[in-house]
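**Q** Just dropping this structure here.
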Ligand SMILES: [Fe+2]
Ligand SMILES: [Fe+2]
């Protein structure tokens, strides 16, 4: 990338990613994420092919002091039909969205040694900027209800999938967008119903935006997974099954949102076989 002599030196894309990853405060992380995404797309629209660079990402991203992170079985469960239950649900979604911001920037920096088309970076920068909006929208919903992100405990271990696949690019694509984010497509309609019943229209609209945009993130995962299978002459379905069984802990759980999964390029024969243990050899 070129810059005029007096201009602030432009960050490479992996430097932008690491700047987001290292930031501990949630709102500030999202502000940086949105600003870097804007810079990236402004450069792309000007016809420049910005530098990706090779700035290494941290092992774990910066996190605020609160929420306290607990093992999933220690996070208190609340009934979703109650106001406290709905706050707990939104809090859990905010936590997922903040992790998703980091996951999308992490895949950009973590595997920068692999040569990829510019469209690959466009997709993940766009996904990261959408996740940043999701976090902000859900934080706004929490604050409107008198709570905030950090007020409750949250799941530790959200970063585990990133750590498990830190050395396996295709494993990362298989597990994060094509399994974890696809799971979001399965469960979000039920969440939207809970907030519809409570007539919490702001939360319904925030979740509807999330639901629509998450289809794209799963689709990016599927697109680039298939691209790499083509590059390495691998059968996508077999490779997906192998990688998910290697890196994902446990079986996939139906019911699946077959329609949205299909929209995202995930056919049933990718995920149904992963609901069952492999027969003993
Ligand atoms: Fe999201
Ligand atoms: Fe997402």
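**Q** Along the Cα-to-Cβ line of residue 25, 7 Å from the Cα, sits a label point; which residues in the stretch 40-68 have backbone N less than 16 Å from it?
**A** 62-67
**Q** Spin-label point model (7 Å from Cα, Cβ direction): what's the residue 148 to residue 246 distance in nm?
**A** With each label point 7 Å from Cα toward Cβ, the separation is 4.4 nm.
**Q** Starting from the Cα-Cα distance between residue 235 and residue 209, subtract it from 0.36 nm times their residue separation and give me the gain in nm to one decimal.
**A** Extra length from residue 235 to residue 209 when fully extended: 6.0 nm.
**Q** Also: Before anything else, pin down the relative contact order of the chain: Cα pairs under 8 Å, at least 6 apart, normalised by residue count, whole percent. Walk me through the numbers on the way to the answer.
**A** Values: 356 pairs, mean separation 50.4, N = 281.
RCO, the chain: 18 percent.
**Q** Name all residues of the stretch 119-154 having a backbone nitrogen under 13 Å from the label point set 7 Å from the Cα of residue 70 along its Cα→Cβ direction, giving them as ranges.
**A** 151-154
**Q** Does the stretch 69-275 come out rounded, prolate or oblate, given a ≥ b ≥ c as the square roots of the eigenvalues of its C-alpha gyration tensor, rounded meaning a/c under 1.5 and, failing that, prolate meaning a/b above b/c?
**A** prolate
Read-outs: derived from the displayed coordinates by stated rules, not from any lab. Everything numeric in this text was worked out from a predicted model, so none of it was measured. Here the Cβ is made from the backbone with ideal geometry for all residues, glycine too, and neighbour counts use every protein chain on show.
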